[in-house]
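S.K.: What follows is a structure written as structure tokens; I'll ask about it next.
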């Protein structure tokens, strides 16, 4: 890969890793970064990770150098890519400036600009250091390494920090099981033996112990909040929106945080009391729910700020309200100087109507009502769906199909993409359903109680009926007859308490019921009545019933030899008297 041509070039300098001060020159185009590039072009930083459990992926991130600009994007790595302690979203492109700090796993790189360099060709996977690397001071080692359950081995005090950052629960269990205390006494470090307090939880005990370790680097927690700015894009005014902020601990010890809203008297933004009234602990990450109440007539503005304060830093997350941008045609319609597009205008309906001249309103509103009524009349003539009470009552299927076609036609006229046309058709179809299905019961007007009973019997469906009110207020006789005729039960209720008791009784019966499927080994429709007995291991009683199999008393699958023989004998016996009477005596 050729290096960047120009007076100044980009370089990355290791500030946390095995070789602090080592520099990597960034070439033109894309440069992958990871710890397993397998000889491919890029920066292979496997030699910078040492034994830290916080490791980067094989292809973790990608640098892009174009002209004088340098940017980085995450390649959906498990641990994430951080720039100035801010985590990048997968695929997000982040421009870099001199002085920016990139963290991949446990390795940190600082972005710098080199001076005048001679043009050269280098292989980024085997970069040539531009300056003499500084050797990182080796952390203090344990006289006897400590092996965690699961296979991880801590040879230095720094290893405890990195292992706690990745597998906090595992280190906490070692601390509470006294195995770690026994090992510290054996190596003569009784000053580091955990001192549990009665008021501390297991996580707090581990946090206090990590603070006492003689590590070569700081064990403090570090706060990261995503997103940095919360932008609410709302096409309509009013309503309640729920969002969340992710608090991430990119350090080693427990992160103690509180969240509050500025200004304090704001009623537009609300944070749950469990996150604002007292500090909450974060080992890996915590999601803070935020409720945002949109003003009725708000313009693009800043609604407020959520401030997260912690022992790992403070972050301020600004919450802004933005309206979708209007195109030129919509803006012209809003000013009354051009046609208005009712399909793509995203303003509230009241504001859209108010922006039109009076003459245009007097024409458009009656015209829209007439067009809609004509569509309803045309839909009533299409024989699709159940018919209404009158000839001109719209059918649900026909008006849905007609408005769906109209919506798709609008999408085609607008020149939208295929998916947008489908969305227009679906929206219009839903409008047709809402217009035709007004909630009035019209299907049961032609049905009778006898018809319902016959249908239930045909399906073998028991119908439990419920009467709420007095006998004079409800048709209790019909309800009793419907339940009795379908082998079910009628439940009368006078008040809410009785209604609740009925529901509980029905739920208990349904929960204790069983559905048995009888399958006979003789599947021929032979017209027999077959008895069935049902036993339960916990009871001596047995249930008995019978299943009638319709058909003829002959095999339906063919004439068996035995049946043919019996039929021949019967025929012979029937003809034998006649034959004997004809025989002369």
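The values are calculated or read from the model by the stated rules, or taken from the named source; none is laboratory data. In this text the structure is predicted, and so the values were computed from the model without any measurement. Counting neighbours? That spans all protein chains shown, and the Cβs are built from the backbone with ideal geometry, glycine included.
S.K.: Taking the stretch 251-284, which residues are out of contact with any helix residue (DSSP H, G or I) (no Cβ under 8 Å at 6 or more places or on another chain) and exposed (fewer than 14 other Cβ atoms within 10 Å of the Cβ)?
M.R.: Answer for the stretch 251-284, where residues must be out of contact with any helix residue (DSSP H, G or I) (no Cβ under 8 Å at 6 or more places or on another chain) and exposed (fewer than 14 other Cβ atoms within 10 Å of the Cβ): 262, 263, 264, 265, 267, 272, 273, 274, 277, 278.
S.K.: Looking at the stretch 8-51, what strands (runs of 3 or more DSSP E) fall wholly within it and have at least 1 residues that are assigned by TED's automatic domain parsing to the domain that holds residue 76, free of Cβ contacts under 8 Å to residues at least 40 places away in the same chain and within 21 Å of residue 91 (Cα to Cα)? Even if it seems obvious, please write down each step before you answer.
M.R.: Working: elements: 9-16, 23-25, 29-34.
Those strands (runs of 3 or more DSSP E) span 29-34.
S.K.: Take residue 210 and tell me if it is in contact with a helix residue (DSSP H, G or I) (Cβ under 7 Å, 6 or more places away or on another chain) and surrounded by 15 or more Cβ atoms within 10 Å (Cβ to Cβ). Walk me through it before giving the result.
M.R.: Working: in contact with a helix residue (DSSP H, G or I) (Cβ under 7 Å, 6 or more places away or on another chain): yes; surrounded by 15 or more Cβ atoms within 10 Å (Cβ to Cβ): yes.
So residue 210 fits the description; yes.
S.K.: Being modelled with pLDDT under 80 and either surrounded by fewer than 13 Cβ atoms within 10 Å (Cβ to Cβ) or farther than 15 Å from residue 248 by Cβ (or both) is the filter here, so list the residues in the stretch 67-91 that pass it.
M.R.: Result: 78, 90, 91.
S.K.: Residue 149: farther than 30 Å from residue 309 by Cα, exposed (fewer than 15 other Cβ atoms within 10 Å of the Cβ) and at pLDDT 85 or above, yes or no?
M.R.: Details: farther than 30 Å from residue 309 by Cα: yes; exposed (fewer than 15 other Cβ atoms within 10 Å of the Cβ): yes; at pLDDT 85 or above: no.
So residue 149 fails the test.
S.K.: Let me ask something else about it. Looking only at the stretch 53-66, filter to residues that are more than 31 Å from the chain's Cα centre (by Cα) and either surrounded by fewer than 19 Cβ atoms within 10 Å (Cβ to Cβ) or closer than 24 Å to residue 313 by Cα (or both); which one of those is modelled with the lowest pLDDT?
M.R.: Applying the filter and picking the extreme gives 66.
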